[in-house]
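A.B. asks: Pasting in a structure now, in structure tokens, and then I'll have a few things to ask.
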Amino acid sequence: MSAFNITYHLNDELLHEECVFMRTLNAAKKSATAQSPQRSVSICISDIAHKPLAERQNGKWSHLT
């Protein structure tokens, strides 16, 4: 299993940060979307070394790798 850091943002303010263990990036995206706070505007998923892998803004995911 891979470890992913998920951060939830409201504009430039960090709302919440968590580390999850998931088999795939797609599973981490589904989990992040389902668990996101109502106020979050963007979600960023990175690896354990904080290298960005994917970002969600305006309801759409984009790959950063």
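A.B. asks: List the lysines whose alpha-carbon lies under 16 Å from that of residue 60, not counting same-chain residues fewer than 8 positions away?
C.D. replies: Hits, sequence-local ones excluded: 29, 30.
A.B. asks: Three principal axis extents, largest first, for the C-alpha atoms of the chain, in Å?
C.D. replies: 30, 21, 19
A.B. asks: Let me ask something else. How high is the relative contact order of the chain, given as a whole-number percent (alpha carbon pairs under 8 Å, six or more residues apart)? Could the numbers behind the result be given before it?
C.D. replies: Numbers: 116 pairs, mean separation 19.8, N = 65.
Computed over the chain, the figure is 30 percent.
A.B. asks: So, one more: What do you get for the angle between helix 25-35 and the principal long axis of the chain? Use alpha-carbon atoms, 0 to 90 degrees, nearest ten.
C.D. replies: Roughly 40 degrees between the two axes.
Taken together, the values in this text are just the output of simple stated rules run on the coordinates, not laboratory data. No experiment lies behind these values; they were computed from the predicted model shown.
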